[in-house]
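Quick note: the coordinates plus some simple rules give every number you see, no bench work behind them. None of these values were measured; they are calculated from a predicted model. Note: ideal-geometry Cβ built from the backbone for every residue, glycine included; neighbour counts use all protein chains shown.
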Amino acid sequence: MSHPTVAVVLPPREAFSPLATGAIGLVVHGLAAVPGPFRSAVYGVPTAAPFADVAFCPVRPTMFGAGQARRYAAAHPELGLA
């Protein structure tokens, strides 16, 4: 049986790399790396070297003229955030 996936969407300016991450990225990495009944996928701005032990999906913001958060959410409609 496959485990359900939990998608974590980082704020648009939060990096997800051991070389450049803030407090939010560190907390997300710590929680996503813990084994459990769910798989974790982290969505965030493209970074050169994301954490290797957590599934990371780079997202490029879209939608000119919309607010930054809405553009970011619209980049991955399958998440149902837009």
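See the values below:
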{"item": "Sequence of Phe51, Phe56 once ranked by neighbouring C-beta atoms within 10 Å, starting from the fewest", "result": "Phe51, Phe56"}
{"item": "Sequence-distant residues sharing a close amide H with Ala15 (under 5 Å, placed H)", "result": "Gly22"}
{"item": "Two-site label geometry, Leu31 and Arg13: point separation in nm, points 7 Å out along Cα→Cβ", "result": "2.1"}
{"item": "Ascending count of other beta-carbon atoms within 10 Å, so fewest first, for Ser17, Ser40", "result": "Ser17, Ser40"}
